[in-house]
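Asker: Here it is, the structure in full.
The values are calculated or read from the model by the stated rules, or taken from the named source; none is laboratory data. All of these numbers come straight from a predicted model, not from anything done at the bench. Note: ideal-geometry Cβ built from the backbone for every residue, glycine included; neighbour counts use all protein chains shown. When the accessible area is computed, the model is the full protein with side chains, heavy atoms only, and any ligands, DNA or RNA have been set aside. Shrake-Rupley method; radii C 1.70, N 1.55, O 1.52, S 1.80 Å.
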Amino acid sequence: MEGIPARARVYVACAALGALLCLLPLPAPRTPWWALALLAALYAGCEQIARRRFAGTFYPVLLAGAFLLPPPAAALVAIPGALLSRGEPVRRIWRAAQLALAVWAAARVHGALGGRDAVAASDSPYALLPAGAAVLAFCLALTLLDGGILALAERVPVRRAWRGLFLRSLAPVAVHGLAGLMMAVLWRSPYGPVAALFVLLPMGVSWWVFAQYHRERAAHRATIRALVQAVDIKDGYTRGHSERVGQASMMIARELGMDAERVELLRFAGILHDVGKLGVPTRLLRKDGPLTPEERRVIELHPEYGHEMVRGISFLGEARAAVLHHHERLDGSGYPYGLVGGQIPEPARVVAVADAFDAMTSTRSYRRARPVDAALAELRRCAGTQFDPRMVTALARVIGRSGWCPEVTAGEGRVPPPGAPAADRPGARR
């Protein structure tokens, strides 16, 4: 719990208390305890398989519980599986409370619309409406709770914490809801619970396909990490720089109101912006003293080298343009192509500001870091000629609100003699 802010812990405690209140009416004579125990055990088993082999949470069993059981009993189905999952205790408690509240809300809506009677009668067409409303309630409850924890634990601005969460989760939860409804109808049929289990087979296949997609993305991320580590080893003066540029790029993107997918792409762009340095001779990156015009031209090829290296990573999308154009300037004096103003892709303009900011605020072997305020002042001075004013304003605003706490790196190389180029100052072309 050490890494979780106090206000987030209070939020988790309130959610857990709310979940307990939902369970209070449980000692009721009509509670189908055998069905509750079977569904809880089934969900716990599916959750263990999903966590180890696939990705995410297996919702069909939870929603089947919402369609079959009274709200308190349905809420209890989620708790054993969530508490037995891996992770820190506070995170397991949070997941158990979140799922219990969401399932309780779904069961309440489903019962209020007469859904359990339609399921018991196997009246499939009429069972769809209350089931759909229950899925919406389930998804809405998860969204509200997720947005709250994002705002409190990760300090995402309140007005953006919930943006897009509901729409992104609705489609997969709706598919799980349909599977849950099929389970519930078969459960109430003459064939009983055994027939309901067969619904999980096609869901397992689709889950496996989804997991393969995520494994592929994880492999791409591992490749990106290896490339960045190679750059850090080769250019020791800028060790850790790529990670911090990724962080600053993500902060700017969020402040500009970009959706979560673009924010992630901007983070990748910031991390990979200097990967082309792998194609630059090490002696030039570590040279003591000013670069000759010929040597500078070689170093200025690194954006093109980087673009060639990442062009085959399809999921990077527009992040590849940021790798190629992050040294362009609004006035057209940048490189490699001398693009002007709006010709420069937006991701490249974001990364350019993040790159210059971190370069100025990081300690290098030949100079100390500038204060954050001084670096922001320099960015404002160069806004409109070198940098996009929107990006500069966004960075200044988010840092003014949240601060900037990067890892300070000290280059582990030779100390250049007096007169070595301050290559990381705005306006420098290294």
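Asker: Given a 1.4 angstrom probe, what's the average accessible area per residue across the chain, in square angstrom? Walk me through the numbers before you get to the answer.
Answerer: Values: 20120 Å² over 430 residues.
Accessible area per residue: 47 Å².
Asker: I want to verify a result. In a Gaussian network model of the chain, Cα cutoff 10 Å, which of these has the top mean-square fluctuation: PRO347, PRO130, PRO281?
Answerer: Its mean-square fluctuation being the largest, the pick is PRO281.
Asker: Here's something else I'd like to know. If you roll a 1.4 angstrom probe over the protein chains with everything in place, what fraction of the accessible area of the stretch 88-143 belongs to carbon and sulfur, to the nearest %?
Answerer: Details: 1560 of 2430 Å².
Within the stretch 88-143, the accessible surface is 64 percent carbon and sulfur.
Asker: Of all chymotrypsin sites (Phe, Trp or Tyr not before Pro) in the stretch 324-380, which ones are in loop regions per DSSP and have a Cβ with at most 12 other Cβ atoms within 10 Å? Mind showing how you got there, number by number?
Answerer: Working: sites: TYR337, PHE357, TYR366; in loops: TYR337, TYR366.
Counting only loop positions with at most 12 other Cβ atoms within 10 Å, none of the chymotrypsin sites (Phe, Trp or Tyr not before Pro) in the stretch 324-380 qualifies.
Asker: Another one. How much of the accessible area of the stretch 234-349, in percent, comes from carbon and sulfur atoms when a 1.4 Å probe is used?
Answerer: Values: 2270 of 4340 Å².
Here carbon and sulfur together make up 52 percent of the probe-accessible area.
Asker: For the chain, what's the relative contact order in percent, using C-alpha pairs closer than 8 Å and at least 6 residues apart?
Answerer: On the way: 656 pairs, mean separation 51.3, N = 430.
Relative contact order of the chain: 12 percent.
Asker: If you add up the charges near VAL372, with Lys and Arg at +1 and Asp and Glu at -1, over every other residue whose beta carbon is less than 12 angstrom from its beta carbon, what do you get? Write down the numbers at each step before the final one.
Answerer: Values: positive: ARG370; negative: ASP358, ASP373, GLU378.
It works out to a net charge of -2.
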